[in-house]
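Data first, discussion second: the structure below is written as structure tokens.
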There are 2 protein chains.
Amino acid sequence: MMRDIKGDMRHQGEARWDTLARNTAARQQRGAPYANGKLVDKDALLPLLRAVIESGDRVCVEGNNQKHADFLSQELAKLDPTVVHDLHIVQSNIALSSQLDVFERGIASRLDFCYSGEQGVRLARLIKAGRVSIGGIHTYLELYGRYFMDLTPRVTLIAAQSADRHGNLYTGPNTEDTPASAEATAFKNGILIAQVNEIVDEVPRIDVPAGWVSYVVQAPKPHYIEPIFTRDPAQISETQILMAMMVIKGLYMPYEVNRLNHGIGFDTAAIELILPTYAESLGLRGKICSYMTVNPCPTLIPAIESGFVRGIHCAGSELGMEDYLRARPDVFFDGPDGSMRSNRVFCQIAGHYADLFIGSTLQIDTQGNSSTATLNRIAGFGGAPNFGSESRARRHASHAWLKAGREAAEATGATMPRGRKLVVQMVETFRDKMQPTFTERLDAWQLQQELSLELPPVMVYGDDVTHLVTEEGIAHLHRCANPAEREQAVRGVAGFTPVGLRRDREKVAELRMRGIVQLPEDLGIDVSMATRDLLAARSMKDLVRWSDGLYAPPSRFRNW
Amino acid sequence: MMRDIKGDMRHQGEARWDTLARNTAARQQRGAPYANGKLVDKDALLPLLRAVIESGDRVCVEGNNQKHADFLSQELAKLDPTVVHDLHIVQSNIALSSQLDVFERGIASRLDFCYSGEQGVRLARLIKAGRVSIGGIHTYLELYGRYFMDLTPRVTLIAAQSADRHGNLYTGPNTEDTPASAEATAFKNGILIAQVNEIVDEVPRIDVPAGWVSYVVQAPKPHYIEPIFTRDPAQISETQILMAMMVIKGLYMPYEVNRLNHGIGFDTAAIELILPTYAESLGLRGKICSYMTVNPCPTLIPAIESGFVRGIHCAGSELGMEDYLRARPDVFFDGPDGSMRSNRVFCQIAGHYADLFIGSTLQIDTQGNSSTATLNRIAGFGGAPNFGSESRARRHASHAWLKAGREAAEATGATMPRGRKLVVQMVETFRDKMQPTFTERLDAWQLQQELSLELPPVMVYGDDVTHLVTEEGIAHLHRCANPAEREQAVRGVAGFTPVGLRRDREKVAELRMRGIVQLPEDLGIDVSMATRDLLAARSMKDLVRWSDGLYAPPSRFRNW
């Protein structure tokens, strides 16, 4: 009787359960004339792509924060849209024009992504023109998660440093997303194509085993890579140094923040550069900032060399830091071959469960919601929302987490005790060209309308933020009892911006009495100390010296 | 001048940055007499461990949800505590007595873990006796995250199916935690020791490359593995079937839940077994439950065969399912070799960002906080808190997520629109022996006192739960305006338990009018239909038939 039930219930008479595997075999048969084993000559790549890609395929393009499969992407954009069309691109970062050419040319029509940065204006234009339909804008981990659920790639194009003739891949320090997209593809009978900078007899270490790889092509030039985490200390202002002092004395010290993630920018670089001076003078070495999940920012070098930062796991690498990373295996995650392996998945996980995230943003509203979205530009989110959101699945305790949780519960009267992640936004009240950072209403609302997004593109939600730091002071938002109080705490540190000028002075004074708003003097900080003398390194050259010459900045950062 | 600054700031005159690498080299030199290359004879393992493990080491023992490095764990427990002591064990699951013997015998003294299950009573006793100091109790991802931050293992003991003579490892379908602990260890100059069931000339696929592996030992018998996800359909009650009907018609249908995670237990097995019957009759095939992140529970077989569930990514595998998984590559993540690769990291990530989690629990309080902690037993958390918590870093939209977010915002008057994950707790009002599931106060509070924990061990927090389903009805907790209303919604579905009897009848009637409490009749569900006839499989034998004989249940589940 069960056989009958099953017969009725089957979705087709003779179900096939290996359609992907059979289809892949057919593609590989078509591709065979263009490959020698797994090796494909650069001139044979385009015909190979024609042979193995089908219309409607979901194609994952490596598109990392730094490293890009630029050659594969360029060749993909050369396909004939009358033959191959309606590709669905899944890609974490869009940074190169070829990555949007596939839409402009009608080869691809749908996009799921994380971050578009410099290409954000063109992407917004393509959306409005109907050339791109956006599936979703993600944070990194959620997009990787969907690779294993409903967005599994059919074909994936990745970049690695080198390959051997069997197809074993060595990524070098910029491993980044590669393990995630490679695994999702190789284990669902997808086709994994790697461009490499060189073919070698033996790779220094295996980052992706040959069994997972379909094809390898040596690109005509090394893959594109962007040094996005390098900040020249010469550009750090005294305002940023003052804010950094407040962060160290007002937050890192009382919360004993020892496991954290720093966002990208001059604000957090200032913190890094006064650890060996200011934090040292407060006796904080070994007590704060011991473990970080962050890319190997050159501005971390003095804090590492002076014994402040003891361990760093990296999402990616940073150009010029290779030799330094190799020489500091106690600090970084270096392989048996001596070079670093980054991994954005593990770095994002570790950072999410750390005690603190601190980052900057472009706009903040009166509830602490912040966004980097600006009009006519669709930028996406990247990793900040993951680092900068409450880790509600966290269960292990730490001093920082318990203290923040206790403070939040006292404010709201919550009955179930729970820890809380510290999420700090650090901004000057005015940006470049005297644009106020604070606003009554985020541009994100207008962008939602213009691009027909389901929600305003908020980077970090106000109810996830515990602290706001400006040059005026610190607002302890998680200690506010309700939205009205939170609003005044935000206004209370918003300086001379219109948002700040509309503060209720009496209420802000009360918040200051309660320690919810703290000015530098409340923290015992001497503002006159906030000079560039406090920076452990004041120039790129200083960073190179601190590194004993191991750090080799890209030429654009050198003026010597 | 910078050189002087640097000189002053350095933490030691001549800092060494390769202490781990040099120490590892020394250990390996001591271990060399007991190994032939990387291969270690089973009788040489104990002397090898003596040679390469030092007092105070952080040792990661694999310790998965299912697979265990049992031989390595047993041998570790044979070390001489006068020579090796104060090991710090990091281990996701504790299931075997040898895993606690290391504490009982004074070899290890500190433990960071996720879940202790059957060993929970003994662990609580060891804690009270001062033999174990607990670092933290974690969910899976947060412990893996700490492997890359402040809990990086010095020595890691893992289990794999086979190895070749170079040390390349094949894990088989139970890959589970292995990639996470192997990467953290190999890339911080740690020592990675694998026990394997067999040494072969060529592994079917490489799950961990030889370059990451220090030693391989063939264990005297295959590693321990536990089939924890198998539920015999014969034990499913009509009450569970009624609840499953409510979940499908009251939640999966209106929210169009198509990407989800099922907890472990008979309640969710009942849902799986009525997809091909009840959900089919509602026309829901292809509309709900298409993608799941879950272990390959045998009770999913009919839903797969009937075309309901189309894709599954697994955290681990399940004994007896190997051939079935191999024969369904379109559904599962099978490698080029044909066997499945599970990966708890990616499965947890995908599930966290899915639209819904549904699971069971042992105790629920009047705010919806739930716990599986019971007195005198320290069980830990595993993965449920991650699946069962708001994914605040999520940014991509879906119908389910937007609808739940809108409903929550309407209830609380939140001004910033945001999506919301559906977190469902599904329980009968009374457990075995007529113990009420609902309680005014969780046992977790008492356990916190007894074991001096920082917080009560809550599994899923009430403010993360959107829905509570009992045999009485569904409570839409996220639609409650405040804690008082939430309390009445909980009491309103708590049946004849003391918590249920203390309901405010008028308020519950109002909540029912507003659709916040729904009884079966409110959902148009005919209670008389809730019989075992609705199950697509009613026995283990039925599951085997559905699988065309591919599923081979372990003998304990066979009565034929």
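Per-structure values
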| item | result |
| --- | --- |
| In the stretch A:101-121, the residues that are buried (at least 18 other Cβ atoms within 10 Å of the Cβ) and over 14 Å from A:PRO81 (Cα atoms) | A:LEU111, A:ASP112, A:PHE113, A:CYS114, A:TYR115, A:SER116, A:GLN119, A:GLY120 |
| Cβ pairs under 6 Å, 6+ apart, first in the stretch B:189-218 and over 24 Å from B:LEU46 (Cβ atoms), second basic (Lys, Arg) | B:GLY211/A:ARG205 |
| Selection from the stretch B:270-299 of residues that are closer than 19 Å to B:PRO553 by Cβ and touching a Leu at 6+ places or on another chain (Cβ under 9 Å) | B:ALA270, B:GLU272, B:LEU273, B:VAL294, B:PRO296, B:PRO298, B:THR299 |
| The stretch A:97-114 residues that are at positive phi, paired with ones that are at pLDDT 95 or above and surrounded by fewer than 24 Cβ atoms within 10 Å (Cβ to Cβ) (beta carbon under 9 Å, 6 or more apart) | A:GLY106/A:PRO81; A:GLY106/A:THR82; A:GLY106/A:HIS85; A:GLY106/A:ASP86; A:GLY106/A:ARG131 |
| Qualifying residue in the stretch B:503-516 (condition: assigned by TED's automatic domain parsing to the domain that holds B:TYR255, of a type in the set (D, E, K, R) and within 32 Å of the chain's Cα centre (by Cα)) | no |
| Test set (1) assigned to a loop (DSSP other than H, G, I, E, B); (2) crowded, with 23+ Cβ neighbours inside 10 Å - B:VAL424 fails condition number | (1) |
| Which listed residue, of B:GLY136, B:GLY190, is within 11 Å of another protein chain (Cβ to nearest Cβ), in contact with a Pro (Cβ under 6 Å, 6 or more places away or on another chain) and not hydroxyl-bearing (Ser, Thr, Tyr) | B:GLY190 |
| Test for A:LEU550: is it part of a helix (DSSP H, G or I), surrounded by 14 or more Cβ atoms within 10 Å (Cβ to Cβ) and among the hydrophobic types (A, V, I, L, M, F, W, C) | no |
| Residue in the stretch A:75-98 that is at pLDDT 95 or above, over 19 Å from the mean Cα position of the chain (by Cα), outside any strand (DSSP E or B) and within 26 Å of A:ASN386 (Cβ to Cβ) present | no |
| Filtered residues of the stretch A:11-61 (kept if touching a Gly at 6+ places or on another chain (Cβ under 6 Å) and closer than 18 Å to B:ARG310 by Cβ) | A:HIS11 |
| Residues (of a type in the set (Phe, Trp, Tyr) and without any contact (Cβ under 8 Å) to a residue 60 or more places away in the chain) located in the stretch B:543-560 | B:TRP560 |
| Members of the stretch B:477-513 found to be under 28 Å from B:PRO385 (Cβ atoms), outside any loop (DSSP other than H, G, I, E, B) and of a type in the set (A, V, I, L, M), listed by number | B:LEU477, B:ALA484, B:ALA489, B:VAL490, B:VAL499, B:LEU511 |
| Flag for A:ALA303 being within 29 Å of A:ASP522 (Cβ to Cβ) and either free of Cβ contacts under 8 Å to residues at least 60 places away in the same chain or assigned to a loop (DSSP other than H, G, I, E, B) (or both) | no |
| Single residue of the stretch A:23-42 satisfying the filter (touching a Phe, Trp or Tyr at 6+ places or on another chain (Cβ under 8 Å) and assigned to a strand (DSSP E or B)) that is farthest from A:GLU75 (Cα to Cα) | A:LEU39 |
| Residues within the stretch B:454-476 that are within 14 Å of chain A (Cβ to nearest Cβ) and either in contact (Cβ under 8 Å) with a residue 12 or more places away in the chain or in a helix (DSSP H, G or I) (or both), tallied | 11 |
| Test: residue in the stretch B:391-407 that is among the hydrophobic types (A, V, I, L, M, F, W, C), more than 10 Å from every other protein chain (Cβ to nearest Cβ) and in contact (Cβ under 8 Å) with a residue 12 or more places away in the chain | yes |
| Qualifying residues in the stretch A:412-434 (those that are of a type in the set (D, E, K, R) and within 14 Å of chain B (Cβ to nearest Cβ)) - the one farthest from A:ASN258 (Cα to Cα) | A:ARG418 |
| Pairs where the first residue, in the stretch A:277-290, is in contact (Cβ under 8 Å) with a residue 40 or more places away in the chain and within 13 Å of chain B (Cβ to nearest Cβ) and the second is small (Gly, Ala, Ser) and not in a helix (DSSP H, G or I), C-beta under 7 Å, 6+ apart | A:THR277/A:ALA536 |
| Extreme residue, farthest from the other protein chains (Cβ to nearest Cβ), among residues of the stretch B:322-355 that are of a type in the set (D, E, K, R) and assigned to a helix (DSSP H, G or I) | B:GLU322 |
| Residue match in the stretch B:404-420 (condition: surrounded by fewer than 19 Cβ atoms within 10 Å (Cβ to Cβ) and under 27 Å from the mean Cα position of the chain (by Cα)) | no |
| Considering residues of the stretch B:225-237 that are modelled with pLDDT of 95 or more and not β-branched (Val, Ile, Thr) only, the residue surrounded by the fewest Cβ atoms within 10 Å (Cβ to Cβ) | B:GLN235 |
| Residue within the stretch B:260-282 that is charged (D, E, K, R), surrounded by fewer than 24 Cβ atoms within 10 Å (Cβ to Cβ) and in contact with a His (Cβ under 9 Å, 6 or more places away or on another chain) present | no |
| Answer residue from the stretch A:302-321, given it is more than 10 Å from chain B (Cβ to nearest Cβ) and in contact with a helix residue (DSSP H, G or I) (Cβ under 8 Å, 6 or more places away or on another chain) and is farthest from A:TYR147 (Cα to Cα) among those | A:VAL309 |
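The values are calculated or read from the model by the stated rules, or taken from the named source; none is laboratory data. In this text, all values refer to a predicted model and were calculated from it rather than measured experimentally. Note: ideal-geometry Cβ built from the backbone for every residue, glycine included; neighbour counts use all protein chains shown.
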